[in-house]
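In what follows, a single structure is set out as structure tokens and then discussed.
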Amino acid sequence: MSDEEAKPERRRMVRPPSGGTAAGRGMGTKMKTADTKSMSSQQWIKRQLSDKWSERARAEGWRSRAAFKLLEIDDRFHLIRAGSRVIDLGAAPGGWVQVALKRGAKAVVGVDLLPIEPIPGAELVQADFTHPGVDRQMMDLLGGPPDLVLSDMAHNTVGHRQTDHLKIIALIEIAADFAIRTLKPGGHFVSKNFQGGDAGGVLTRLRAEFETVKYVKPESSRKDSAEVFLVAMNRR
Ligand SMILES: C[S@@+](CC[C@H](N)C(=O)[O-])C[C@H]1O[C@@H](n2cnc3c(N)ncnc32)[C@H](O)[C@@H]1O
């Protein structure tokens, strides 16, 4: 798919597995029963172990294969600058936090529902970002307005198409709203999205608030996954 402001094609949502390691969460298949779920989880773990990006992540010391997605996005758009302040929503196990620090960010605050092993140089909060007050807590830890807001948040799907769709859009809207409220002028926002996740309302808002908005499908994002990333650059 072209990343030039393309409208994502409509496809069935995929379900993130609830088990296994955190690396690559959000890339599983739709599961219906306990048996198929456990079979699917086993397949997911097997796939993780043989996946080229997961192997590279282990070899290079990244906590997740997701790290390569941000590296790729940043190679292309140069979003992380030396001295940047970065917020990372849905940060576990910490691949994107590692990337932000490696690329010179001076302050990184991450949040996740799951605990994250400490990463020197980063403040990591275990909380539901959608809960009142968590955004304020993160801003206090960051010590100033962010230059970059990242969101790789992915919920555990329930298997009901409309419900999952609403949950995905809700997470993107909450992340986008936070980015618009807090980013410095000239700041950037990156959010996970899914082809078929009709983020029309959010897109309209982002286009009004940022100079450029693009869809990107990184090489390291699984081809069979509906995952894409929204990259909104230069907050007006
Ligand atoms: C694909 S993983 C993130 C991987 C991460 N970017 C990395 O590089 O390691 C998605 C994460 O979003 C988190 N998440 C989902 N909903 C959330 C919420 N409401 N608040 C905080 N974290 C959330 C999940 O717990 C999960 O760990």
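What follows is calculated from the coordinates using simple rules that are stated; it is not laboratory data. Not measured: the values here are computed from a predicted model. Note that we place each Cβ from the backbone using ideal geometry, even for glycine, and neighbour counts take in every protein chain shown.
The slack between residue 81 and residue 177, meaning 0.36 nm per residue of separation minus the straight C-alpha distance, is 32.3 nm.
Legend: P(r) of the stretch 63-235 from all alpha carbon pair distances, 10 Å bins from 0, whole percents, reading 10, 42, 39, 8, 0.
Count Lys and Arg as plus one, Asp and Glu as minus one, and take only other residues whose Cβ is under 11 Å from that of residue 100; the net charge is then +2.
Once you reduce the stretch 51-127 and the stretch 167-236 to the center of their Cα atoms, the two points are 17 Å from each other. Restricting attention to the stretch 63-235, the count of lysine pairs at 8 or more positions apart or across chains with alpha carbons under 25 Å apart stands at 24. What the phi angles of the stretch 95-108 give under the Karplus curve with 6.51, -1.76 and 1.60, with θ = phi - 60°, is a coupling list of x, 5, 4, 4, 4, 4, 5, 4, 8, x, 4, 9, 9, 10 Hz, glycine and proline written as x. Largest first, the extents of the alpha carbon coordinates of the stretch 123-198 on the three principal axes equal 40, 27, 17 Å.
Using the Cβ atoms and a cut-off under 15 Å, what net charge is assigned to the surroundings of residue 81, where Lys and Arg are +1 and Asp and Glu are -1? Around residue 81, the surrounding residues sum to +4.
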